[in-house]
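The values are calculated or read from the model by the stated rules, or taken from the named source; none is laboratory data. A quick note: this is a predicted structure, and the numbers were derived from the prediction, not measured. Heads up, the Cβs are rebuilt from the backbone with ideal geometry, glycines too, and the neighbour counts pull from every protein chain shown. Heads up: the accessible areas ignore ligands, DNA and RNA and are worked out on the full protein's heavy atoms, side chains in. Shrake-Rupley method; radii C 1.70, N 1.55, O 1.52, S 1.80 Å.
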Amino acid sequence: SLVEAVEHAKPGDTISISGAHTGQMVIARTLPGLVVVGASGASISAGKGPAVLCSATGVQISGLLLAAKEGEACVSVPGGGSLTLVSCEVRCSAANGVQVQGECTLESCKVLECGAYGVVALAGGLVRTKGTTVAQNVKTGALSRGKGSRLLLDVGTVIERNQMHGVGGDQGGCVTAISVTVRNNSLLGFNLGDGGSGLLRECTIHANGMHGIQCTGGELLLTNSVVTSSSKLGIFVNPPPAPPGPKSVEDEQQRAHVTLDQVEVTGSGMFGVHITGGVVEARQ
């Protein structure tokens, strides 16, 4: 069985999987460098809890359909673990697709129809994507939440048709997106919350259901990108209410700072750029 194969594996071993398997694949810290390869149509399905729980470092899983019904996530990488998924499909009907407090890289993967977030970096976690599609999830497609958390969305990543936002960063989370398409999400294409930071370079933010980009705090640099066909606002800078007590103009300005460098904003249903506070700097 799959469980026995993992239990008897040694660091650096390769496990080949074919057919459908039920249950959890738990990769302990004692199995660094484990490689799991799925044959065509191979799958792991967990009724409760993650289909994959990876606490080891340097683990790679490829060619598998990973599915779960309940629990926190379909794929979970706790702090200290590192996992690379290649050509995998992740589905979780009632929870997050991929939840990371360690490190996880998704290459040419699909994260689809999850009951909460598609991909989420938490508590200092790091998620990298390349050529990956994150779509049709109930909450935000890709989220970086918490101080030190990082979301690195690289070339060919598509975030689309999620029921809330496409991409988000808040509570100190950082998002970097390069040559990424964020489109047709129900609310916001990109949502940067208070304390977050973001860099979007050569990105396309298209046809999102409310605003293309909303910044309620933190630092956002948008460069060589287009924001098109947003239902309401192309870019909305809307700081949250200030806490009680005296405040200076500088305090208010620091709550949201957006820099636009060679950015095109077109086809918005209302305004292209709308500012209710903070700072927007247009370089070109």
Kindly evaluate Leu187 against the criterion of being assigned to a strand (DSSP E or B), under 21 Å from Val258 (Cα atoms), open to solvent by 10 Å² or more (accessible area, probe 1.4 Å) and of a type in the set (A, V, I, L, M).
no
Subset of region 215-240 that is in a strand (DSSP E or B) and within 17 Å of Gln171 (Cβ to Cβ) - its residue that is most open to solvent (accessible area, probe 1.4 Å):
Glu219
Which numbered condition in (1) within 12 Å of the chain's Cα centre (by Cα); (2) surrounded by fewer than 18 Cβ atoms within 10 Å (Cβ to Cβ) is the only one that Ala121 fails?
(2)
Going through Ala46, Ala68, Ala9 one at a time, which residue ends up being aliphatic (A, V, I, L, M), closer than 19 Å to Thr133 by Cα and in contact with a strand residue (DSSP E or B) (Cβ under 7 Å, 6 or more places away or on another chain)?
Ala68
Evaluate region 49-71: report whether one residue or more is in contact (Cβ under 8 Å) with a residue 12 or more places away in the chain, surrounded by 18 or more Cβ atoms within 10 Å (Cβ to Cβ) and touching an Asp or Glu at 6+ places or on another chain (Cβ under 6 Å).
no
Quick one: count up the residues across region 1-21 that are of a type outside the set (Ser, Thr, Tyr), surrounded by 12 or more Cβ atoms within 10 Å (Cβ to Cβ) and over 12 Å from Ile44 (Cα atoms).
6
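Conditions (1) within 20 Å of Leu126 (Cβ to Cβ); (2) surrounded by 20 or more Cβ atoms within 10 Å (Cβ to Cβ); (3) in contact (Cβ under 8 Å) with a residue 12 or more places away in the chain, marked per residue:
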{"residue": "Gly23", "(1), (2), (3)": "no, no, yes"}
{"residue": "Thr30", "(1), (2), (3)": "no, no, yes"}
{"residue": "Gly33", "(1), (2), (3)": "yes, no, yes"}
{"residue": "Ile44", "(1), (2), (3)": "no, yes, yes"}
{"residue": "Gly47", "(1), (2), (3)": "no, no, yes"}
{"residue": "Cys74", "(1), (2), (3)": "yes, yes, yes"}
{"residue": "Ser82", "(1), (2), (3)": "yes, no, yes"}
{"residue": "Ala94", "(1), (2), (3)": "no, no, yes"}
Please find, among Leu222, Leu187, Leu200, the residue that is closer than 16 Å to Ile275 by Cβ and at pLDDT 95 or above.
Leu222
Hey, does region 255-275 have a residue that's farther than 18 Å from Gln214 by Cβ, at pLDDT below 95 and open to solvent by 80 Å² or more (accessible area, probe 1.4 Å)?
no
Of the residues that sit in region 150-177 and are crowded, with 19+ Cβ neighbours inside 10 Å and touching an Asp or Glu at 6+ places or on another chain (Cβ under 9 Å), which one is modelled with the lowest pLDDT?
Asp170
